[in-house]
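The values are calculated or read from the model by the stated rules, or taken from the named source; none is laboratory data. What you see is a predicted model; the values in this text were computed from it and never measured. As a convention, Cβ positions derive from the backbone with ideal geometry for all residues, glycine included, and neighbour counts pool all protein chains shown.
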Amino acid sequence: MPVADLSGKLAIVTGANSGIGLEAARAFAGIGARVVLACRNKERGEEAKKSIVESTGNLEIEVEILDCASLSSVRDFLSRWKKKESKRVDILVNNAGATTAALIITEDGYEQTYQANHLSHVLLTHGLLNAGCIAPMDALFDNKAGAKLSFIDMMRLYNRSKAAQVVWSMALQRRLSATEGWKGITVHSCHPGRTFGISTVEGAATVVWLAVASEPVLTGMEGLFWDRMKWKWIEPWSLNVGLQNELWDVWCKDTDTPLL
């Protein structure tokens, strides 16, 4: 892991009250970042904050309510964030996610796994970009898989939501790289590896590495999919730019957030 100092930098981690999100947030705090724990449950978020402060000594830890199963909750978060005096984001880790043993439709009309794992993060990221809140940085996309065993149909939904994240990351990187003012922003999707048999600290290592690795290490590697700090091949269909663009249009429409 590269030695880094994130003093003066701000990181937002969704789903940061437990698991890999918590350990990624703890790692960022340990090297000086101001960290925002974006969680759906205030009490659990405060418990995570206490744990991070006690283990790192970093007092610049904040808790914000963000429920990825509700697009209105994401919009409320964005509204609050835009009003902050210090709102520049250097690191965004889209970690929150869910899988269920039954088909659940959200208040927004979407299958919950798809919305919580993917669609809400599209809304969050596009909203921050359009508001000018994201600085040239690593927008990290934590593509967790293998988190829970369930019925086969539900696992298919889970895997599809994660594939959507990977495709969106590539499509987003291509657009950022072609837009003045956004060219310094990099996007990565990553998989911590099978979470069975490894600690959450180990699972978070790739997320943290992508955030702090020196620029030459990742130059030319933007938009790729990573596993255990190595880039990985992905399904050929996901590399189809035409398909990426079609899906991009769907996601922008579903969230009402085209990039401005």
### Message
Take LYS87 and tell me if it is basic (Lys, Arg), surrounded by fewer than 17 Cβ atoms within 10 Å (Cβ to Cβ) and modelled with pLDDT of 95 or more.
### Response
no
#### Entry: Within the range 88-108, tally of residues that are of a type in the set (A, V, I, L, M), part of a loop (DSSP other than H, G, I, E, B) and out of contact with any Phe, Trp or Tyr (no Cβ under 7 Å at 6 or more places or on another chain)
5
### Query
Looking only at residues in the range 44-84 that are in a helix (DSSP H, G or I) and among the aliphatic types (A, V, I, L, M), which one is surrounded by the most Cβ atoms within 10 Å (Cβ to Cβ)?
VAL74
### Query
For GLY8, which of the numbered conditions (1) farther than 14 Å from TRP209 by Cα; (2) in contact with a helix residue (DSSP H, G or I) (Cβ under 8 Å, 6 or more places away or on another chain); (3) at pLDDT below 95 fails to hold?
(2)
### Query
Residues in the range 197-204: is at least one part of a loop (DSSP other than H, G, I, E, B), modelled with pLDDT of 75 or more and among the hydrophobic types (A, V, I, L, M, F, W, C)?
no
### Summary
Within the range 27-43, the count of residues that are closer than 16 Å to TRP81 by Cα and assigned to a loop (DSSP other than H, G, I, E, B) comes to 1
### Message
Just to verify a result, which residue in the range 46-77, among those that are of a type in the set (A, V, I, L, M, F, W, C) and over 20 Å from ALA25 (Cα atoms), is modelled with the highest pLDDT?
### Response
LEU71
### Query
Mind checking which residues of the range 205-260 are surrounded by 15 or more Cβ atoms within 10 Å (Cβ to Cβ), modelled with pLDDT of 85 or more and part of a loop (DSSP other than H, G, I, E, B)?
THR257
#### Entry: Sole exception among (1) surrounded by 23 or more Cβ atoms within 10 Å (Cβ to Cβ); (2) out of contact with any His (no Cβ under 9 Å at 6 or more places or on another chain); (3) assigned to a loop (DSSP other than H, G, I, E, B) for VAL13, by number
(3)
### Message
Against the condition closer than 26 Å to ALA213 by Cα, among the hydroxyl-bearing types (Ser, Thr, Tyr) and over 19 Å from the mean Cα position of the chain (by Cα), how does SER51 come out, does it pass?
### Response
yes
### Query
Only one residue in ALA29, ALA24 is free of Cβ contacts under 8 Å to residues at least 40 places away in the same chain and crowded, with 18+ Cβ neighbours inside 10 Å. Which one?
ALA29
### Query
Among the residues of the range 134-148, is there at least one that is in contact with a Leu (Cβ under 7 Å, 6 or more places away or on another chain) and modelled with pLDDT of 85 or more?
yes
### Query
Could we say that ALA24 is part of a helix (DSSP H, G or I), of a type in the set (A, V, I, L, M) and at pLDDT below 95 here?
yes
### Query
Going by the conditions given, is SER169 small (Gly, Ala, Ser), modelled with pLDDT of 75 or more and in a helix (DSSP H, G or I)?
yes
